[in-house]
Amino acid sequence: MEGCVCGGSLSALVNGSPTVEVTIGRGLKQGDPLAPSLFLIAVEGLRLLMTRALDMNLFKGLQLGGEGPLISLLQFADDTLIIGEATMQNLWCLKAILRCFELISGMRINFHKSSVVGIHSGEDFTELAASFLHCKLGQLPFKHLGLPLGANPRKLATWRPILDGLRKRLSSWKHRYLSIGGRVTLINAVLNAMPIHFLSFFKAPNSVIKEIVAIQRDFLWRGVKDGSKIPWVKWETVCKSKDKGGLGIKDVRLFNWALLGKWVWRCMISPRTIWAKVLQGRYGCIESFPKTPNVDKRDSWWWKDIVWVIQQGNYWLDEKIERCIGDGSSTRFWEDKWIGGLRLLDVFPRLYSFAFDPLSMVGHNGNWEGSTWLWQVKWRREPFVHEEGSVNTLIEMLQEIQIFSSKQDQWRWICDKDGVFSVKSAYSWLQHSMGGELSYSSDFILVTKSLWKCKAPIKCLVFCWQVFMNAFPCKSLLQVRGVEVENNLCSLCSLFIEDPIHLFLMCPMAFNIWLSVANWLEVEVVLPNSLTSLYLYWTNLGIYKKSKQCFKVVWVSVIWSLWLHRNGIIFQQGVMDCKEVLDNIKMRSWKWIKSSVPGCSFSYSNWYFSPRLCIS
């Protein structure tokens, strides 16, 4: 590393000719792979100086708990927290450390951007420290790495910057230019991304969740600014995954729980990290996370919220975490879940009551004889006759478990095939276990799973989803929601009430369009009496994968073209023209297929006159 930083030479081009080479005393060439880490290498000197000061007992850090680690310096890139006791000796030592660091590294501390924050140190001493170090006087809460340290996450004021940021981001968008498909995409990409930093650390209060949901719901349904705000579908349904009948927008509450669950998982798999040691020293053994941790009224709000989250849904996190046995040296025989997803103390409470050591490890209940592991569970007394059946059952269960002498025990997340916790898998499990199931027919579930794989524009797919949900502004549905309409007759035929099935299927005009499209595609069809059945029937007309995809696109194109033509008749005083609708269907389907379906490079004329040949 020293050779990279202090070695090498360079020369400059003057009028196209290189000058005499100059030896580099300290620096990196442009493009050097070490360049991104140069700052981290430099500030490593500050850590070494602080470590030396601690070893010489010149600087005293903060001891957390009786057995917790000693904290004095926390660094992340160019953000640094120096933590210590409120004494003049610490101030003199800190000033000397910072001055030495300036001389060694060549980087000067910007005291105008630095602050001194006192916690139970007295206002007089804090003011003295700020004056002594020539920096600002700070107070809790203050912002560090984007989070307000010392703030109460249960107060709405803590979340106000996030809520204001969401509203500000939305106000900059021109709503009139975003379709509902674009709004769905924007919600998933932006509105769920902006508060994720806060949600991954703090439990959001119900009032904050309601406000975030209100912002999202209002943005999704209002269309143009100050326009209609009819919430066509319940928000709980909208937040379901697409294959369960929703739009796949994140449920903020469950997503917040999944994000916080990751902290618990990290504590369990990495108990030796400094932050995990801090929690262990302050709140107790990390291995007790999945169970009921003791919460003291003096504990931090953050810790209380973490405990509250993992206790929800009958301890949802504990239900899906188990031990994967290696040598059995770190897994508790009776109290951990390591055999069939069960705790032996719950399965055999009677046996547990007279176990020789209730806190023993798995590896303490057997011995190796050569390369064979033999189970030998120890008891405080001989089992009674009526207890022998339970003992035999326990031994049979143990015989199915294999012990590996060269492998360590590990935690395993059941919801992932690799056994590793992820927010995605945790959120899916929470949705399944706590979100509730929607009561839809099996045909509807098949339709929703297939619809989102169609290669049509997202705005058209969202509209088709609304059609299947009976949640779009046709006349009969507007009347149901209390909107006055001039008349509720079909805009295409003016003969029957305009409801979803009539508008897109039973209307004589729509029926003729479907028959014309079938004739154009050279297929014989028998049109069913429901839109879900029509979709499943129509999309199965294709034999191969490509042809099935093309039939899906054509189906969506028919629905979308009928809807646009219906709107043209209402708002632009148009007239019903079946040939125009059919031509639009052909043009739209060709554009969508050509741009999205692999292997479809046919011309529009070929598609117009011989579609069957193009997709066969």
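The single residue among Gly45, Gly65, Gly61 that is of a type in the set (Gly, Ala, Ser), assigned by TED's automatic domain parsing to the domain that holds Cys135, out of contact with any strand residue (DSSP E or B) (no Cβ under 8 Å at 6 or more places or on another chain) and modelled with pLDDT of 85 or more turns out to be Gly45. Consider the range 488-514 and keep the residues that are among the polar types (S, T, N, Q) and surrounded by fewer than 20 Cβ atoms within 10 Å (Cβ to Cβ). The one that is farthest from the chain's Cα centre (by Cα) is Ser494. Among the conditions (1) under 20 Å from Trp560 (Cβ atoms); (2) out of contact with any Cys (no Cβ under 9 Å at 6 or more places or on another chain), Ser439 misses just one, which is (1). What residue, among those in the range 408-443 that are under 15 Å from Trp338 (Cα atoms) and not small (Gly, Ala, Ser), is surrounded by the fewest Cβ atoms within 10 Å (Cβ to Cβ)? Result: Gln408.
Go through the range 533-547 and give me each residue that's in a helix (DSSP H, G or I) and crowded, with 19+ Cβ neighbours inside 10 Å.
Leu534, Tyr535, Trp538, Thr539
Kindly evaluate Ala86 against the criterion of being under 41 Å from the mean Cα position of the chain (by Cα) and either in the same structural domain as Asp124 (by TED's automatic domain parsing) or surrounded by 13 or more Cβ atoms within 10 Å (Cβ to Cβ) (or both). When the stated conditions are applied, Ala86 passes them. Checking Lys552, Lys475 one by one, the residue that is within 25 Å of Asp583 (Cα to Cα) and either basic (Lys, Arg) or not assigned by TED's automatic domain parsing to the domain that holds Phe609 (or both) is Lys552 and no other. Within the range 507-522, restricting attention to residues that are in a loop (DSSP other than H, G, I, E, B) and touching a residue at least 60 places away in the same chain (Cβ under 8 Å), the residue that is nearest to Trp560 (Cα to Cα) is Leu521. Of all residue pairs spaced 6 or more apart or on separate chains, those with beta-carbon atoms under 7 Å, a first member in the range 352-371 that is in contact (Cβ under 8 Å) with a residue 24 or more places away in the chain and a second member that is part of a strand (DSSP E or B) and surrounded by fewer than 16 Cβ atoms within 10 Å (Cβ to Cβ) are Phe354/Trp379; Ala355/Trp379; Phe356/Trp379; Asn365/Trp375; Gly366/Leu374; Gly366/Trp375. Answer yes or no: is there a residue in the range 27-34 that is modelled with pLDDT of 80 or more and either farther than 28 Å from Val278 by Cβ or of a type outside the set (Gly, Ala, Ser) (or both). No, the range 27-34 contains no residue that is modelled with pLDDT of 80 or more and either farther than 28 Å from Val278 by Cβ or of a type outside the set (Gly, Ala, Ser) (or both).
Going through (1) more than 19 Å from the chain's Cα centre (by Cα); (2) in a loop (DSSP other than H, G, I, E, B); (3) crowded, with 20+ Cβ neighbours inside 10 Å; (4) not basic (Lys, Arg) one by one, Thr448 falls short only on (2). A search for C-beta distances below 8 Å between a residue of the range 238-252 that is more than 19 Å from Met194 (Cβ to Cβ) and in contact (Cβ under 8 Å) with a residue 40 or more places away in the chain and any residue that is part of a loop (DSSP other than H, G, I, E, B) and acidic (Asp, Glu), counting only pairs 6+ apart in sequence or on different chains, returns Lys244/Glu437. Considered as a group, the residues in the range 59-95 that are out of contact with any helix residue (DSSP H, G or I) (no Cβ under 7 Å at 6 or more places or on another chain) and among the aromatic types (Phe, Trp, Tyr) include one that is nearest to Ile41 (Cα to Cα), and that residue is Phe76. Taken over the range 574-616, the residue count meeting the criterion of being among the β-branched types (Val, Ile, Thr), buried (at least 19 other Cβ atoms within 10 Å of the Cβ) and under 23 Å from Trp563 (Cα atoms) is 3. Among the helices (runs of 4 or more DSSP H) confined to the range 291-408, the ones with at least 1 residues that are within 30 Å of Leu279 (Cβ to Cβ) and under 31 Å from the mean Cα position of the chain (by Cα) are located at 301-310, 312-319.
Being in a helix (DSSP H, G or I), modelled with pLDDT under 85 and not assigned by TED's automatic domain parsing to the domain that holds Ala193 holds for only one residue in Arg282, Arg266, and it is Arg282. Residues in the range 597-608: is at least one part of a helix (DSSP H, G or I), out of contact with any strand residue (DSSP E or B) (no Cβ under 6 Å at 6 or more places or on another chain) and under 22 Å from Lys459 (Cα atoms)? Taking every residue of the range 597-608 in turn, none turns out to be part of a helix (DSSP H, G or I), out of contact with any strand residue (DSSP E or B) (no Cβ under 6 Å at 6 or more places or on another chain) and under 22 Å from Lys459 (Cα atoms). In the range 458-488, of all residues being out of contact with any Leu (no Cβ under 6 Å at 6 or more places or on another chain), part of a loop (DSSP other than H, G, I, E, B) and in contact (Cβ under 8 Å) with a residue 24 or more places away in the chain, the one that is farthest from Asp243 (Cα to Cα) corresponds to Val483. Of all residues in the range 52-83, those that are under 19 Å from Ser115 (Cβ atoms) and either in contact with a His (Cβ under 6 Å, 6 or more places away or on another chain) or exposed (fewer than 13 other Cβ atoms within 10 Å of the Cβ) (or both) total 4.
Looking at Val517, is it β-branched (Val, Ile, Thr), more than 19 Å from Ile249 (Cα to Cα) and buried (at least 21 other Cβ atoms within 10 Å of the Cβ)? So Val517 fits the description; yes. Strands (runs of 3 or more DSSP E) fully within the range 102-157 that include at least 1 residues being under 27 Å from the mean Cα position of the chain (by Cα), surrounded by 11 or more Cβ atoms within 10 Å (Cβ to Cβ) and of a type in the set (A, V, I, L, M): 147-149.
Checking every residue in the range 489-506 against the condition of being in contact with a Pro (Cβ under 7 Å, 6 or more places away or on another chain), more than 26 Å from Thr185 (Cα to Cα) and touching a residue at least 12 places away in the same chain (Cβ under 8 Å) gives at least one match. Does Leu260 qualify as being at pLDDT below 90, in contact with a Lys or Arg (Cβ under 7 Å, 6 or more places away or on another chain) and crowded, with 16+ Cβ neighbours inside 10 Å? The answer is no for Leu260. Scanning the range 372-402 for residues that are touching a Gly at 6+ places or on another chain (Cβ under 6 Å) and without any contact (Cβ under 8 Å) to a residue 12 or more places away in the chain returns Leu374, Gln376.
The values are calculated or read from the model by the stated rules, or taken from the named source; none is laboratory data. Worth saying up front: this structure is predicted, and the values here are computed from it rather than measured. Cβ: placed from backbone, ideal geometry, glycine included. Neighbour counts: every protein chain shown.
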